[in-house]
1. Suppose the Debye formula is applied to equal point scatterers at every Cα of region 76-145; what is log10 I(q)/I(0) at q = 0.18, 0.20, 0.29 Å⁻¹?
2. With the convex hull built on the Cα atoms of the chain, state its orientation-averaged projected area in nm².
3. Take the alpha-carbon positions of region 120-206, form their convex hull, and give its projected area averaged over all directions (one quarter of the hull surface) in nm².
4. With an 8 Å cut-off on Cα pairs and a minimum separation of 6 or more residues, tell me the relative contact order of the chain in percent.
5. Output the Kirkwood hydrodynamic radius of region 1-129, Cα pairs only, in Å rounded to one decimal.
6. How large is the accessible surface per residue of region 77-146, computed with a 1.4 Å probe and reported in Å² as a whole number?
7. Given a 1.4 angstrom probe, I'd like the percentage of the accessible area of the chain that is carbon and sulfur, rounded to a whole number.
8. How many angstrom lie between the Cα centre of region 185-215 and the Cα centre of region 52-114?
Amino acid sequence: MTERQTVLITGVAGLMAALLVGLGEFLLHYDPLGRFGQGLSFMQGISESRATLGHFIGVLGSPLYVLGAWHIQIMLRPASKLLAVIAFLLMSYGLMVGAVWIGSRASAITIINLDASQDVSHRLLLLYDLRYETLLTATRITILAMSAIFAMICLTGRSHYPRWMAALNPIALILLSFAAYFTIPALGNLIMPIALNLAFFILFSTSLLIANRQFGKRD
């Protein structure tokens, strides 16, 4: 397999991960009332069938992110092999922890809609927060670190990316989703449930276009 084939296949895998996990997360998280700043209340009213479908689509699509992380590593490598590998490890680690987290969301939906005493539901939700929301913090930290390395390497101008790609690091794109949520609620309500996956969809889409042009010159 040529390097061009490798970079394109892994890029497509990353793009598919963003699509599948994004679709799964949308099914798990979308709330027409936009109650995303009110704990887990946005999960109220989500049906078991919708949650189960979102669960399987999101979890089964998650491993493809590791191949996507390898694509990013290839694109960053000319500037610094060490930092490119670190970015790969951070992204892979963070998104695999995130896969465990998204695999728990269907259970959280069941708990939040549980027809049981308020005390029992509250205790279950406290345990859920401890066991799973903590994992999301690890994902956020690793993606933040990966984004910093990605932006720094792009700005050197020595990677396969143009310098302006630094602006498309995942954290910057996630912040744009938050800005849309507060300034354009109709749009923000649609993209907030999938902010991380939307960020990676934009990143991989753009990266594939650049990779096809960069590696196509060698053929």
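1. Result of the Debye calculation: -0.71, -0.80, -1.15.
2. Working: hull surface 48.9 nm².
Projected over every direction and averaged, the Cα hull of the chain covers 12.2 nm².
3. Details: hull surface 28.3 nm².
Computed as one quarter of the Cα hull surface, the answer is 7.1 nm².
4. Numbers: 313 pairs, mean separation 58.9, N = 219.
Once normalised by length, the contact order is 27 percent.
5. Working: mean 1/r = 0.0613 Å⁻¹.
With all distinct Cα pairs of region 1-129 included, I get 16.3 Å.
6. Working: 3880 Å² over 70 residues.
Normalised by residue count, the accessible surface of region 77-146 is 55 Å².
7. Working: 7460 of 10790 Å².
Answer for the chain: carbon and sulfur cover 69 percent of the accessible area.
8. 15 Å
The values are calculated or read from the model by the stated rules, or taken from the named source; none is laboratory data. Nothing here was measured: the structure is a model prediction, and the numbers come from that model. So basically every Cβ, Gly included, is an ideal-geometry build from the backbone, and we count neighbours across all protein chains shown. Heads up: the accessible areas ignore ligands, DNA and RNA and are worked out on the full protein's heavy atoms, side chains in. Shrake-Rupley method; radii C 1.70, N 1.55, O 1.52, S 1.80 Å.
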